[in-house]
1. For the stretch 1-87, what is the charge dipole size about the Cα centre, in debye to the nearest 20, if Lys and Arg each add +1 at the Cβ and Asp and Glu each add -1 at the Cβ?
2. Compute the signed sum of charges (Lys and Arg +1, Asp and Glu -1) over the other residues within less than 13 Å, Cβ to Cβ, of VAL132.
3. Fully extended, how many nm does the chain gain between PHE119 and ILE43 (0.36 nm per residue separation, minus their Cα-Cα distance)?
4. Any idea which of SER29, THR55, HIS89 is furthest toward the positive side of the dipole for the stretch 21-108, if Lys and Arg beta-carbons carry +1 and Asp and Glu beta-carbons -1?
5. For a quick check: sort VAL70, VAL175 by the number of other beta carbons within 10 angstrom, fewest at the front.
6. For VAL173 and PHE198 in one chain, what is 0.36 nm times their gap in residues minus the Cα-Cα distance, to one decimal in nm?
7. Once Rh for the stretch 1-117 is found with the Kirkwood sum over Cα pairs, what is the Stokes-Einstein diffusion coefficient at 37 °C and 0.692 mPa s, in µm²/s?
8. If the viscosity is 1.567 mPa s and the temperature 4 °C, what translational diffusion coefficient in µm²/s does Stokes-Einstein give for the stretch 86-128 when Rh comes from Kirkwood over Cα pairs?
Amino acid sequence: MEMLNIMRWDAISFYCAITMLIIAYVLGSIPSAVWIGKKYYGIDIREHGSKNAGTTNMLRVLGKKAALPVFALDFFKGFVAVILINLLHADIHISDAWLTNLKIMAVFAAVLGHIFPVFANFKGGKGVATMVGAVMGINPPVVLLCFAVWTVVFIISHYVSLASMIAGCSFPVLVLISQSTRWMRTEDVSLTYIVFSFVVAGLLIWTHRKNIGRLKNGTESKIYIWQRPDGSPTECRFECDCKTSEEADQKQE
């Protein structure tokens with residue numbers, strides 16, 4: 001039925017849809033970690049720590065003051081990329097079902113932009129914060145519950161990677177539960193969205209495959225937001241225990 005609907009689109013509908021997806025990719029390509037690192041700290045974050053241009057590496061290398069704006073910007077660019085798709089609701093040729101499908105495509109476009117940013121030589125981060133912000137634009141209640149799962153796991157384990165993977169795996173479960181829980185349902189969720197939730201979980205596992213190896217070997221570095229068990233400060237500039245993760249990666253390669 002949805003395929004028959006797309007055949008009714010006119011040239012303008014296709015043009016607008018493709019343009020919105022390109023905008024989502026461009027928004028995702030904004031390398032907040034790279035720009036903030038170079039502008040305010042004089043370093044390329046991709047040359048330090050785990051060499052990942054994301055919130056976690058910023059937290060490890062430069063501390064909370066650098067990591068918070070990076071997370072906020074990465075989250076916001078994903079959210080905006082999806083919310084802009086709502087402008088297509090004015091197009092009578094695009095049904096509500098296809099509007100949801102386009103939002104899902106926008107999520108992938110924004111995350112792809114973060115992983116392969118056109119503004120940073122196509123070398124970005126893992127896209128977790130961007131994905132969270134983008135999915136928030138589709139189903140906020142489920143994302144908030146996933147964030148609660150992430151928080152609990154992180155507080156208990158101090159592993160950001162483990163918290164991200166468990167929260168990601170809880171996403172499809174919560175999506176399925178939301179179908180029978182009226183207060184969690186923000187719109188009619190299609191089969192495409194359910195499949196998408198499982199793809200997201202799989203993608204998070206795949207992007208954290210090195211972290212899984214380090215968790216198994218006991219070499220994954222922990223992050224303490226307030227204070228380490230030995231009483232030492234949590235902030236670290238350029239030199240920190242994330243060296244363990246970097247050295248483990250080099251040995252595996």
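No lab work stands behind these numbers, since they all come straight from the coordinates. Not measured: the values here are computed from a predicted model. Note that each Cβ is placed from the backbone with ideal geometry, even for glycine, and that neighbours are counted across all protein chains shown.
1. It works out to roughly 480 debye.
2. +1
3. 25.7 nm
4. THR55
5. Values: VAL70 27, VAL175 24.
Ranked by crowding around the Cβ, least crowded first: VAL175, VAL70.
6. Gain in length upon complete extension: 8.1 nm.
7. Translational diffusion coefficient: 213 µm²/s.
8. Using the Kirkwood radius from Cα pairs, D works out to 111 µm²/s.
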